[in-house]
Amino acid sequence: MDICVIGAGYVGLVTSACLAYLGNQVTAVEANPDRLGSLKKGLVPFFEPGLQEFVKETSESGYLKFTDSLDSAVKAADIIFIAVGTPSLPNGEPDLSQVMVVARAIGGALDGSKRRIIVNKSTVPVGSGNWVEMLVSQGVQNAQPVPARASRAENPSFTVVSNPEFLREGSAITDSFYPDRIVVGASDEQATATMKKLYEPIINQTFDAPSFAKRPEGFKHVPFVVTDLASAELIKYSANAFLAMKISFANEIAGLCEKVGADIRQVAQGIGLDYRIGKAFLNAGVGWGGSCFGKDVSALMQVAKEYSYPTSLLEATVSVNERQRLVVIKKLQEELKILKGRTVGLLGLSFKPDTDDLRDAPAITIAYQLLKMGASVKAFDPVSNDKARVQHPNLEITYCDNAAELAQDCDALVLVTEWEVFKNLDFKTLAKGMRWPLIIDGRNVLNEQDIVDAGLTYRGVGH
Ligand code: UGA
């Protein structure tokens, strides 16, 4: 099929490369000239394991192309994906200005030669399917000479469907090829059937697995869930809100574990083995972050507010998380007493490993708080030091190139992001450079015994 993906950001680029790999002719439309220039040279402007090679491969095979011409890409397409950003506004509502511009532009480009499917891939509030339909219709109307307007409006040449995204940063390609489900919200059976055809190779796992995204053993079929538009939109928000709530639950119980002398790792294992609960997303630590959970939970609360509907669980999910980010500060105070004049080294800055994404990263909150309390902050992240320098110019951190440089003269090290390389550090050598022998394991991933053997004090979360 001929596909047009508008927005070559994180979701758009992964979607484009995956659909191109499956043999579709994909044109990704990118308005930012710098980003477009990089992509045309085969360079992915952010870090995601395997994506650079994947984009290069699918571009070289001729299935993936990049352009800034929305008009020609839309005209050539059977299916048009809207994958532009919807960042949070200060009041928690998503900023839909990019969706608005793009939807009208799609309408302006539609030529009526075939019936196109317009897919909402961006995370948009409940009801946006209808809103996008209205905007595209406005675009169609505005592009038509006056006498043609009425007939075009009565016979729209498109239909809007919602196809929410569930991929995780750091494992985006694997999540796209081997998802738990594909959700399509539509009011049109023909559109649903076309979307099913598009995803057929994934639904029945009939494609050759790429070398860098091997098919999990026994993985044979993906449920294709068809819903109405509003339900598909709500599924996206509810899934993220539920995952965030699960983590906040684990973090709340972790605090209780510390009070009663229990161990959250054992408690999580014990409850997670109940299939009704499930063991994923019960890892206690410094809390959740990233571009999705906070944004989506607050967007969900905003929707509920429009209907004066209370969202006590969502509010608690957020407030537990805010408190949790500062749990390591409390532990530092307990161990070091005075934080003024101390030097704290942060292991990791990105909101989770295998990404350079710093959006709503717990490490940034912790760094600002430590600085506010009069401590000096050093940090080492394997990929996002440079990004942090650029995005947080006022954050007075000393950036280090390795863990040994970080540990030098520190009163404490705090592991904030569980990068694989941090799990096997030579703690004996690190301890020699430190001023005070303390490690706070903000993700419960370090081997406590190794650290104690190296002569350091170990403090985890919830045990
Ligand atoms: C999340 C969802 O997992 C995806 O399904 C969804 O598609 C995506 O948001 C999105 O809406 O685009 P992502 O934000 O990439 O994906 O990251 P996650 O792996 O979900 O982690 C989110 C945060 O939770 C991270 O800060 C992570 O460290 C934290 N986390 C995760 C925990 O603190 N404990 C856990 O047990 C799991």
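The values are calculated or read from the model by the stated rules, or taken from the named source; none is laboratory data. The structure displayed is predicted, hence computed values, not measured ones. Positions of Cβ are generated from backbone atoms using ideal geometry, with glycine treated the same way; all protein chains shown enter the neighbour counts. Protein only, heavy atoms only, side chains kept; ligands, DNA and RNA dropped before computing areas. Shrake-Rupley method; radii C 1.70, N 1.55, O 1.52, S 1.80 Å.
Being part of a helix (DSSP H, G or I) and β-branched (Val, Ile, Thr) is the filter here; which residues of the stretch 278-313 pass it?
So the first thing to find is which residues in the stretch 278-313 are part of a helix (DSSP H, G or I), and the list is 293-306, 312-313.
Once the filter is applied, which keeps residues that are part of a helix (DSSP H, G or I) and β-branched (Val, Ile, Thr), the stretch 278-313 yields Val297, Val303.
For every residue, the table says whether it meets (1) at pLDDT 95 or above; (2) farther than 20 Å from Val377 by Cα; (3) within 26 Å of the chain's Cα centre (by Cα).
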| site | (1), (2), (3) |
| --- | --- |
| Ala407 | yes, no, no |
| Asn424 | no, yes, no |
| Leu430 | yes, no, no |
| Arg435 | yes, no, no |
| Asp441 | yes, no, yes |
| Asn444 | yes, yes, yes |
| Leu456 | yes, no, no |
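Give the residues of the stretch 279-290 that are more than 6 Å from the ligand (Cβ to nearest atom) and out of contact with any Ser or Thr (no Cβ under 9 Å at 6 or more places or on another chain), sorted by residue number.
Result: Lys279, Ala280, Ala284.
Taking into account only those residues within the stretch 229-250 that are among the polar types (S, T, N, Q) and near the ligand (Cβ under 10 Å from one of its atoms), which is surrounded by the fewest Cβ atoms within 10 Å (Cβ to Cβ)? Spell out how you get there, then give the answer.
We begin by selecting, within the stretch 229-250, every residue among the polar types (S, T, N, Q); these are 231, 238, 240, 248.
When the remaining residues are screened for being near the ligand (Cβ under 10 Å from one of its atoms), the result is 240, 248.
Working: Asn240: 23, Ser248: 26.
The residue in question is Asn240.
Name the one entry in Asp111, Asp34, Asp95 that is farther than 28 Å from Pro353 by Cα and not assigned by TED's automatic domain parsing to the domain that holds Val303.
Asp111
Can you give me the number of residues within the stretch 208-242 that are without any contact (Cβ under 8 Å) to a residue 12 or more places away in the chain and under 30 Å from Glu53 (Cα atoms)?
Within the stretch 208-242, residues that are without any contact (Cβ under 8 Å) to a residue 12 or more places away in the chain and under 30 Å from Glu53 (Cα atoms) number 5.
I need the full set of residues from the stretch 413-463 which are within 17 Å of Gly285 (Cβ to Cβ), touching a Pro at 6+ places or on another chain (Cβ under 8 Å) and open to solvent by 70 Å² or more (accessible area, probe 1.4 Å), in order please.
Answer for the stretch 413-463, where residues must be within 17 Å of Gly285 (Cβ to Cβ), touching a Pro at 6+ places or on another chain (Cβ under 8 Å) and open to solvent by 70 Å² or more (accessible area, probe 1.4 Å): just Glu420.
Can you list the helices (runs of 4 or more DSSP H) lying wholly within the stretch 186-277 that have 2 or more residues being out of contact with any helix residue (DSSP H, G or I) (no Cβ under 8 Å at 6 or more places or on another chain) and of a type in the set (D, E, K, R)?
Working: elements: 189-203, 229-260, 264-272.
Result: 189-203, 229-260.
Test Lys295 against the stated conditions and say whether it is open to solvent by 30 Å² or more (accessible area, probe 1.4 Å), closer than 24 Å to Ser384 by Cβ and not assigned by TED's automatic domain parsing to the domain that holds Lys259.
No, not satisfied.
Could you figure out which of (1) touching a helix residue (DSSP H, G or I) at 6+ places or on another chain (Cβ under 6 Å); (2) closer than 20 Å to Val328 by Cα; (3) not basic (Lys, Arg) isn't true of Gly433?
Going through the list (1) touching a helix residue (DSSP H, G or I) at 6+ places or on another chain (Cβ under 6 Å); (2) closer than 20 Å to Val328 by Cα; (3) not basic (Lys, Arg), Gly433 breaks only (2).
Tell me which residues, restricted to the stretch 1-52, are in contact (Cβ under 8 Å) with a residue 12 or more places away in the chain, over 16 Å from the mean Cα position of the chain (by Cα) and in a helix (DSSP H, G or I).
Ser16, Ala17, Cys18, Leu19, Ala20, Tyr21, Pro33, Arg35, Leu36, Leu39, Lys40
Name every residue in the stretch 160-181 that is more than 7 Å from the ligand (Cβ to nearest atom) and among the hydrophobic types (A, V, I, L, M, F, W, C), in order of residue number.
Result: Val160, Val161, Ala172, Ile173, Phe177.
Return yes or no: is Thr355 open to solvent by less than 30 Å² (accessible area, probe 1.4 Å) and under 30 Å from Gly9 (Cα atoms)?
Details: open to solvent by less than 30 Å² (accessible area, probe 1.4 Å): yes; under 30 Å from Gly9 (Cα atoms): yes.
Criteria met by Thr355.
Check Ala191 against each of (1) more than 16 Å from the ligand (Cβ to nearest atom); (2) under 26 Å from Val132 (Cβ atoms); (3) at pLDDT below 95; (4) not β-branched (Val, Ile, Thr) and name the one condition it does not meet.
Single failed check for Ala191: (3).
When you scan the stretch 262-282, do you find a residue that is open to solvent by 20 Å² or more (accessible area, probe 1.4 Å), aromatic (Phe, Trp, Tyr), outside the structural domain of Asn130 (by TED's automatic domain parsing) and touching a residue at least 24 places away in the same chain (Cβ under 8 Å), even just one?
Yes, that holds for at least one residue.
Among the residues of the stretch 394-412, is any in contact (Cβ under 8 Å) with a residue 40 or more places away in the chain, more than 16 Å from the ligand (Cβ to nearest atom) and either assigned by TED's automatic domain parsing to the domain that holds Phe46 or open to solvent by 70 Å² or more (accessible area, probe 1.4 Å) (or both)?
yes
Going through the stretch 118-151 one residue at a time, which ones are open to solvent by 10 Å² or more (accessible area, probe 1.4 Å), within 10 Å of Gly107 (Cα to Cα) and modelled with pLDDT of 90 or more?
Glu133, Met134, Ser137, Gln138
Scanning the stretch 351-375 for residues that are within 16 Å of the ligand (Cβ to nearest atom) and under 16 Å from Leu406 (Cα atoms), which turns out farthest from the chain's Cα centre (by Cα)?
Here the answer is Ala367.
Only one of (1) closer than 23 Å to Met373 by Cβ; (2) within 15 Å of the ligand (Cβ to nearest atom); (3) not assigned by TED's automatic domain parsing to the domain that holds Ile440 fails for Leu346. Which number is that?
Tallying (1) closer than 23 Å to Met373 by Cβ; (2) within 15 Å of the ligand (Cβ to nearest atom); (3) not assigned by TED's automatic domain parsing to the domain that holds Ile440, Leu346 fails exactly one: (3).
Quick check on my filter: what residues within the stretch 376-393 are assigned to a strand (DSSP E or B), of a type outside the set (Ser, Thr, Tyr) and open to solvent by 20 Å² or more (accessible area, probe 1.4 Å)?
Going through the stretch 376-393, the residues assigned to a strand (DSSP E or B) turn out to be 376-380.
From what's left, of a type outside the set (Ser, Thr, Tyr): 377-380.
Within the stretch 376-393, Lys378, Phe380 meet the criteria.
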